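Quick note: the coordinates plus some simple rules give every number you see, no bench work behind them. Given the structure is predicted, the values throughout are model-derived calculations rather than measurements. No Cβ is skipped: glycine too gets one built from the backbone with ideal geometry, and neighbour counts run over all protein chains shown.
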Amino acid sequence: MKLGAHVRDELRHKAGRREDRVADLHSMYIDPEVRLIMSALGGYNSNELLPFLDYDLVRQNPKGLVGYSDITALHLAIHEKTGLVSFYGPHLMSQFGEFPEILPYTLESFVKVVGRAETRGRVGASEAWTEERLEFDKEDDRPRRLQSSSGWKMLKPGQAVGPLVGGEITTLVIQTGTEYMPSLDGAVLFWEDYGSSLAWVDRFLSHLRTMEVYDRIAGMLVGRTRTAGFEPGASGYGLENVILESVEGYDIPVMANLDFGHTDPIMTLPIGVRATMRPEDGYLSLDEPAVS
């Protein structure tokens, strides 16, 4: 394993200076000994790197990038500019650094999608999950508490087949409409949220509708959210209502509570790979290899 030269840098809310972060990425793509690039954590403002990345260099040195959350910006831009598959999946610290070891569902999905040059096929739901957070090197001296999973949930029935495109919704929204956003025509759009609120998600989805995203996508997958900020109020109005109101009038199948995002365990979703979804059957499959 190799670490970027500036992996421990900090600059207020960012992981160091823009030019150093770009240099670290370029160095990993150039290095012939590096076969896979994985983010240590998420963070803020990866989108500021996009105009400064050498996409020809990336294209000429094809290798996978793995991570989630703010890494969405890099995934979408690299796929759009180079055509390479990019992997919305585990961080080095958050998932592979799990005490005492990475959760089996997360590892199995990662290995089957990133580590094997074969079609993944049907993906199943995890039996348990957790939203518990333990501070690195302070509280992570025990396994996190898992709770039983209710499984994936159908919000709108139907079938959709198309390339997977998506990520963390705040980053996804600000990239939509730029040159760094892949085409959403016929795509299976996936998104998840962390750290905002029901009101903000409502705003983000309204923006996607205004951008005519729902006229173009084939279907929608929604990752499992943390409980805080998303509990239905006394009226019972919650995230599902917001999603359904957003897609009202569109014939788009929607499945929610999937195992990706800021709870654990998580699946690895390959951006650009064709997938099939049928919410009424709780069905999701990856229909072609993500690596060769």
> Amide H to amide H under 5 Å from G64: which residues, 5+ apart in sequence or cross-chain, H placed 1.01 Å off N in plane?
Replying inline: I37
>> Give me the net charge for the shell around V222: Cβ to Cβ below 10 angstrom, other residues only, Lys and Arg +1, Asp and Glu -1.
In response: -1
>> Give me a comma-separated list of calculated 3J(HN,Hα) values for the range 115-127, in order, Karplus coefficients 6.51, -1.76, 1.60 applied at θ = phi - 60°, integers in Hz, x for any Gly or Pro.
In response: x, 9, 8, 8, 5, 5, x, 5, 10, x, 7, 6, 7
> If we count other beta carbons within 10 Å of each Cβ, what is the order of S150, S94, S109, S27, fewest first?
Replying inline: S150, S27, S94, S109
>> Can you give me the long-range amide H partners of A275? Hydrogens built in the peptide plane at 1.01 Å from N, cutoff under 5 Å, separation of 5 or more residues or another chain.
In response: G162, L164, D287
>> Once R0 is set to 41 Å, what does the formula 1/(1 + (r/R0)^6) return for the Cβ-Cβ distance between S235 and H13, expressed as a FRET efficiency to the nearest 0.05?
In response: 0.70
> For R21, what is the net charge nearby, where nearby means another residue's Cβ is under 10 Å from its Cβ and Lys, Arg count +1, Asp, Glu -1?
Replying inline: -2
> Once amide H atoms are built 1.01 Å from N in the peptide plane, which residues 5 or more positions from L155, or in another chain, come under 5 Å H to H?
Replying inline: V254, M255, A256
> What Kirkwood hydrodynamic radius, in Å, does the range 155-292 give when the mean of 1/r is taken over all pairs of distinct Cα atoms and then inverted?
Replying inline: 15.2
> Taking the mean number of other Cβ atoms within 10 Å as a proxy for protection, how do you rank 235-242, 154-161 from highest to lowest?
Replying inline: 154-161, 235-242
> Based on the Cβ-Cβ distance of L146 and R116, what FRET efficiency does E = 1/(1 + (r/R0)^6) give at R0 = 22 Å, to the nearest 0.05?
Replying inline: 0.25
> Which value at 222 nm does the chain reach when only helices count, each DSSP H run of 4 or more adding -39,500 (n - 2.57), with the total divided by all residues and rounded to the nearest 500 deg cm²/dmol?
Replying inline: -7000 deg cm²/dmol
>> Can you work out the Karplus-derived ³J(HN,Hα) for every residue in the range 83-91? Use 6.51 cos²θ - 1.76 cosθ + 1.60 with θ = phi - 60°, whole Hz, and x for glycine or proline.
In response: x, 6, 5, 10, 10, 7, x, x, 7
> Gaussian network model of the chain, Cα springs within a sub-10 Å range: biggest mean-square fluctuation belongs to which of T130, T276, T170?
Replying inline: T130
>> What's the ranking of 203-210, 135-142 by average number of surrounding C-beta atoms within 10 Å, highest first?
In response: 203-210, 135-142
>> Quick check on the chain: of the DSSP beta bridges with both residues there, what percent are antiparallel, nearest 5%?
In response: 55
>> To the nearest 20 Debye, how big is the dipole of the chain about its Cα centre, given +1 on the beta carbon of each Lys and Arg and -1 on that of each Asp and Glu?
In response: 280
